[in-house]
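Asker: I am attaching a structure below and will ask some questions about it afterwards.
The values are calculated or read from the model by the stated rules, or taken from the named source; none is laboratory data. Worth saying up front: this structure is predicted, and the values here are computed from it rather than measured. Heads up, the Cβs are rebuilt from the backbone with ideal geometry, glycines too, and the neighbour counts pull from every protein chain shown.
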Amino acid sequence: MRITGTFLDEITHDIPSQNWGREEWAAEFDVMRQIGIDTVIIIRSGYREQAIFNSWVLREHRSMLPVRLNLAELFLDLAHRNGMKLFWGIYDPGDWTQNTAPALDLNRRFMTEVKEQFGSHPAFAGWYITFELSRNDPKQVELVLGAGRHAKELSPNLPTLISPYIAGIKAPNGEDYVPREQHEAEWSKVFARVREAIDIVAFQDGHVDYLELPEYLRTNLRLAREAGMTCWSNVESFDRDMPIKFPPADWRKLEFKIDAAREAGVAKLITFEFSHFLSPYSSYRSAHTLFKRYCERFGLRVELSGGPRD
C-alpha cells in the first residue's frame, strides 16, 4: 500500500515556502503522478492576509496581499493534466478556534465564490474542511459541521474530507494528553454529529507514540466505519521528534507508519506533505534521500525533469 494522495501546502503556516513557480510545480506534479499519487488536497486556499487567488470575499473581510500567480488555476490545471483529483481546502482566518461563528460565516461566502469561479473545473473533486479538530469541542465541531453542510449544498455529489489530530503525547501547544479510551469516547460523539456532512476522515498520525499508533489506527477505523464514513490515514512525512520544526522523517519511522496503516485496513494513504518532505525537488536535501528509500521500497522508477533543482 503506497501513498496515493498529498496535501499542497503553498499558503504555509509553520514550514518555509519553496518559492516555486509554474515550471517547478509542473515538474513536481509530474513526479507525483509517476509514483502513483492520484489525489491532491489544497490544505488551505487562504490564511490570514494570504490567498492562492485574488478573492473579493476575502478582500471585503480584511486587507490581503496581492496574488501575482493564480495557484488555484495552476493546481487545478496540473491536476487535470496528470489525471489527479483535487480537494479544495477552505480559508483559515487564523483565529477560528476562538471565533468559530465569524469563521463559518466568512467561509460560506468564500466557498460560494470558489464554487462560482472554479467548481466547474474537471479536476475539482471535493472539499477539504481545513479546520483541524482534536477534541469534542462543541463550537469547533459545529464549525466543521456547518462548513461541511455548505459544501454539500454547493456540491451535492462531491465528497468532503477532514484531517483531525489526536491529543496524544506529541500534541501541539502544550495540550493535555488524552488517554485512548477518552479519545475513543469523544470521537464517537464527534462522528455522530458530523457524519451527515463529512464523508472522509484522515487522522494525522504524528501526535502519538509510534508503538501506540497501530491501536489508534484500528480504533479510528472502527469509529469511522460505525459512522458510515471512509477512513484514510494522513501519514506525516515529517518528523515531530526533532527539536526543530520540521525536518523530513526518518525513513524507518515513515515505513513503520505506512505498514501500520496498511495492516489496520484504512482505505487510502495521504501525506503531509510530499513537496516539502518527500520530493526529490524539495529544499530539504534529506527529502531527496527519503524519496530514494521510498522508491526502493516500492520498486518505483522515476524519470526526473530536473526543474526545481537546476
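Asker: Kindly indicate whether ALA260 is closer than 28 Å to TYR216 by Cβ and crowded, with 20+ Cβ neighbours inside 10 Å. If you could, list the steps in order and put the result at the bottom.
Answerer: On the way: closer than 28 Å to TYR216 by Cβ: yes; crowded, with 20+ Cβ neighbours inside 10 Å: yes.
Yes, satisfied.
Asker: Okay, next question. Mind counting the residues in the stretch 32-70 that are out of contact with any Gly (no Cβ under 9 Å at 6 or more places or on another chain), within 28 Å of PHE291 (Cα to Cα) and buried (at least 17 other Cβ atoms within 10 Å of the Cβ)?
Answerer: Qualifying residue count, the stretch 32-70: 2.
Asker: Could you list, in sequence order, all residues of the stretch 136-154 that are farther than 30 Å from ILE169 by Cα and without any contact (Cβ under 8 Å) to a residue 24 or more places away in the chain?
Answerer: Within the stretch 136-154, GLU153 is the sole residue that qualifies.
Asker: Given ARG149, ARG68, which one is within 27 Å of LEU221 (Cβ to Cβ) and basic (Lys, Arg)? Outline the logic, then answer.
Answerer: Working: ARG68 fails: within 27 Å of LEU221 (Cβ to Cβ).
Only one candidate passes the filter, namely ARG149.
Asker: What is the residue count in the stretch 255-310 for residues that are assigned to a helix (DSSP H, G or I), over 20 Å from the mean Cα position of the chain (by Cα) and of a type in the set (Gly, Ala, Ser)?
Answerer: So the answer is 3.
Asker: Give the stretch 87-124 a look and list any residue that's of a type in the set (A, V, I, L, M), outside any loop (DSSP other than H, G, I, E, B) and touching a strand residue (DSSP E or B) at 6+ places or on another chain (Cβ under 7 Å), or say none.
Answerer: First, pick out the residues of the stretch 87-124 that are of a type in the set (A, V, I, L, M): 90, 101, 103-104, 106, 111, 114, 123.
Checking the rest, the ones that are also outside any loop (DSSP other than H, G, I, E, B) come to 101, 103-104, 106, 111, 114.
If the condition is that a residue be of a type in the set (A, V, I, L, M), outside any loop (DSSP other than H, G, I, E, B) and touching a strand residue (DSSP E or B) at 6+ places or on another chain (Cβ under 7 Å), then LEU106, VAL114 are the ones that fit.
Asker: All but one of (1) of a type in the set (Phe, Trp, Tyr); (2) over 24 Å from THR271 (Cβ atoms); (3) touching a strand residue (DSSP E or B) at 6+ places or on another chain (Cβ under 9 Å); (4) assigned to a loop (DSSP other than H, G, I, E, B) hold for TYR177; which doesn't?
Answerer: (3)
For (1) surrounded by 17 or more Cβ atoms within 10 Å (Cβ to Cβ); (2) on the phi < 0 side of the Ramachandran plot; (3) in contact (Cβ under 8 Å) with a residue 24 or more places away in the chain, each residue gets a yes or a no:
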{"position": "LYS85", "(1), (2), (3)": "yes, yes, yes"}
{"position": "TRP88", "(1), (2), (3)": "yes, yes, yes"}
{"position": "GLN98", "(1), (2), (3)": "no, yes, no"}
{"position": "PRO102", "(1), (2), (3)": "no, yes, no"}
{"position": "PHE110", "(1), (2), (3)": "yes, yes, yes"}
{"position": "PRO122", "(1), (2), (3)": "no, yes, yes"}
{"position": "TRP127", "(1), (2), (3)": "yes, yes, yes"}
{"position": "SER134", "(1), (2), (3)": "yes, yes, yes"}
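Asker: Another one. Only one of LEU104, LEU74, LEU78, LEU65 is under 27 Å from LEU133 (Cα atoms) and not polar (S, T, N, Q); which? Steps first, answer last, please.
Answerer: On the way: LEU74 fails: under 27 Å from LEU133 (Cα atoms); LEU78 fails: under 27 Å from LEU133 (Cα atoms); LEU65 fails: under 27 Å from LEU133 (Cα atoms).
The conditions single out LEU104.
Asker: Another question about this same structure. Which of the residues spanning the stretch 178-194 are within 16 Å of PRO138 (Cβ to Cβ) and basic (Lys, Arg)?
Answerer: LYS189, ARG193
Asker: Taking the stretch 181-196 as the region of interest, how many residues are in a helix (DSSP H, G or I) and surrounded by 15 or more Cβ atoms within 10 Å (Cβ to Cβ)? Write out each step before concluding.
Answerer: Narrowing the stretch 181-196 to residues in a helix (DSSP H, G or I): 181-194.
Imposing the further condition that a residue be surrounded by 15 or more Cβ atoms within 10 Å (Cβ to Cβ) reduces the set to 183-184, 186-188, 190-191, 193-194.
Counting residues in the stretch 181-196 that are in a helix (DSSP H, G or I) and surrounded by 15 or more Cβ atoms within 10 Å (Cβ to Cβ) gives 9.
Asker: Let me ask something additional. Only one residue in GLY5, GLY83 is part of a loop (DSSP other than H, G, I, E, B) and at pLDDT 95 or above. Which one? Before you say what the answer is, go through the steps one by one.
Answerer: On the way: GLY5 fails: part of a loop (DSSP other than H, G, I, E, B).
The match here is GLY83.
Asker: Additional query: Kindly provide the set of residues from the stretch 142-160 that are among the small types (Gly, Ala, Ser) and either farther than 10 Å from ALA197 by Cβ or exposed (fewer than 14 other Cβ atoms within 10 Å of the Cβ) (or both), ordered by number. Steps first, please.
Answerer: Going residue by residue through the stretch 142-160, those that are among the small types (Gly, Ala, Ser) are 146-148, 151, 155.
Correct list: SER155 only.
Asker: Same structure again: Within the group SER282, SER286, which residue is over 21 Å from PRO172 (Cβ atoms), in contact (Cβ under 8 Å) with a residue 24 or more places away in the chain and surrounded by 17 or more Cβ atoms within 10 Å (Cβ to Cβ)?
Answerer: Numbers: SER286 fails: surrounded by 17 or more Cβ atoms within 10 Å (Cβ to Cβ).
Exactly one residue qualifies, and that residue is SER282.
Asker: Contact list please: Cβ distance under 7 Å, first residue in the stretch 161-180 and in contact (Cβ under 8 Å) with a residue 12 or more places away in the chain and surrounded by 15 or more Cβ atoms within 10 Å (Cβ to Cβ), second residue among the aromatic types (Phe, Trp, Tyr) and part of a helix (DSSP H, G or I), pairs at least six apart or on different chains.
Answerer: What qualifies is ILE166/TYR216.
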